[in-house]
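Chemist: For reference, the structure I am asking about is given below.
Each value in this text was obtained by applying a stated rule to the coordinates, not by laboratory testing. What you see is a predicted model; the values in this text were computed from it and never measured. So basically every Cβ, Gly included, is an ideal-geometry build from the backbone, and we count neighbours across all protein chains shown.
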Amino acid sequence: MSGVNEMSASLTLVSHHLCPYVQRAAISLAEKGVPFERLTVDLADKPYWFRRISPLGKVPLLIVRHDGEETVIFESAVILEFLEETQPAPLHPADPYARARHRAWIEFGSAILAGIGRLYSAPAEAAFLTEAAALSAMFDRLERELEDSTGGNGPYFVGSSFSLVDAVFGPVFRYFDVFDAIGDFGILAGKPRVAAWRLALARRPSVEAAAAPDYPDRLQAFLLAKGSHVSALTHRRGFATPAL
Ligand SMILES: N[C@@H](CCC(=O)N[C@@H](CS)C(=O)NCC(=O)O)C(=O)O
């Protein structure tokens, strides 16, 4: 391993308050005990410097200053792999077969995030219900995977050791803490292993610290402004846009 920090590198994670892809990188850095600075950008009004260095106009970016140079890494999966290659405390298994499986379930986590985006953007109830059913089926598949991988013993994806798959799913479940306050979407119902995993991840200090305490208020405000079926449900629950 070439230790980036040993070469007196400094790391900046370019972030957004709500972004789950940013959170997975923050969780990895916290688990590895690597100091980093967090720089939050307004995605609704992207600063020029950000547009210049972010090829897709997206967060996260990891800016690594090393040896008088600056390297900008984009795409959260690539950032996670870079941290595995350059920082201590591996969060991937050593065995290549197990590592491939973990990478695949990280992709699955990203597919769930895409489904969550479609769910809260669905304009009307019919599309919302279709997306909720699709998500429920994905979590059913995950329930079966947890049974195979942990023998039902958890609390993490592979038993007692925290891995990058856990870092990816912590931010996934964070959405559901806010969804549950809006209504019963039924997506996680009847999945005891998923429920236990969600609870264990919520209690993990790195996962807890990956979003600010005002995250639920910010997410509610974001959902209210969507003009979607979930916005209507949020209104109906009596949530008003909080002053942030
Ligand atoms: N595949 C990307 C997805 C990152 C992504 O979608 N980021 C969102 C925020 S969560 C973003 O920056 N969107 C740009 C925008 O809203 O204009 C990754 O894994 O890093």
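Chemist: Give me the number: length gained by fully extending Arg237 to Ala100, i.e. 0.36 nm times residue separation minus the C-alpha to C-alpha distance, one decimal in nm.
Modeler: 45.1 nm
Chemist: Taking N as the number of residues in segment 96-236, what value does Rg over Cα atoms divided by 2.2 N^0.38 Å take?
Modeler: Normalised Cα radius of gyration, segment 96-236: 1.06.
Chemist: From the mean inverse distance of alpha carbon pairs (Kirkwood) and the Cα radius of gyration, derive Rg over Rh for segment 109-169.
Modeler: Radius of gyration relative to Kirkwood radius: 1.09.
Chemist: Fewest Cβ neighbours within 10 Å first, please rank Glu208, Glu85 accordingly. Walk me through the numbers before you get to the answer.
Modeler: Details: Glu208 15, Glu85 12.
Ordered by Cβ neighbours within 10 Å, fewest first: Glu85, Glu208.
Chemist: Something else now. By how many nm would the segment from Ala126 to Arg38 lengthen if fully extended, with 0.36 nm per residue of separation less the alpha-carbon distance?
Modeler: 27.8 nm is the gain from fully extending Ala126 to Arg38.
Chemist: Once the dipole of the chain is set up with Lys and Arg at +1 and Asp and Glu at -1 on Cβ about the Cα centre, which of Pro213, Ala26, Pro155 lies farthest towards its positive end?
Modeler: Toward the positive end, the furthest listed residue is Pro213.
Chemist: Can you pull a Stokes-Einstein diffusion coefficient for segment 148-196 at 4 °C (1.567 mPa s), Rh from Kirkwood over Cα pairs, as a whole number of µm²/s?
Modeler: Taking Rh from Cα pairs, D becomes 109 µm²/s.
Chemist: Given the -39500 (n - 2.57) contribution per DSSP H run of 4+ residues, what per-residue ellipticity at 222 nm results for the chain, rounded to the nearest 500 deg cm²/dmol? Don't skip to the answer; put the middle values down first.
Modeler: Working: 10 runs with 135 residues, N = 244.
Value at 222 nm, helices only, nearest 500: -17500 deg cm²/dmol.
Chemist: Of all alpha-carbon pairs in segment 10-86, indicate the percentage at a distance above 19 angstrom. Walk me through the numbers on the way to the answer.
Modeler: Working: 806 of 2926 pairs.
Here the long-distance tail beyond 19 Å is 28 percent of all Cα pairs in segment 10-86.
Chemist: Roughly what % antiparallel, to the nearest 5, for the DSSP beta bridges in the chain?
Modeler: 75
Chemist: Now a separate question. How many nm is it between the label spots at Ala209 and Arg65, if each spot is 7 Å from the Cα in line with the beta carbon?
Modeler: 2.2
Chemist: Something else now. Any lysines with Cα under 16 Å of the Lys46 Cα? List them, leaving off those in the same chain fewer than 8 positions away.
Modeler: Lys58
Chemist: Report for segment 10-86 the percent antiparallel among DSSP-assigned beta bridges with both residues inside it, nearest 5. Mind showing how you got there, number by number?
Modeler: Values: 11 of 15 bridges.
So the antiparallel bridges in segment 10-86 amount to around 75 percent.
Chemist: To the nearest 20 debye, what is the magnitude of the charge dipole of segment 10-86 about its Cα centre, counting +1 on the Cβ of each Lys and Arg and -1 on the Cβ of each Asp and Glu?
Modeler: 300
Chemist: Would you mind estimating how fast the chain diffuses translationally, via Stokes-Einstein at 37 °C and 0.692 mPa s with the Kirkwood radius over Cα pairs, in µm²/s?
Modeler: 173
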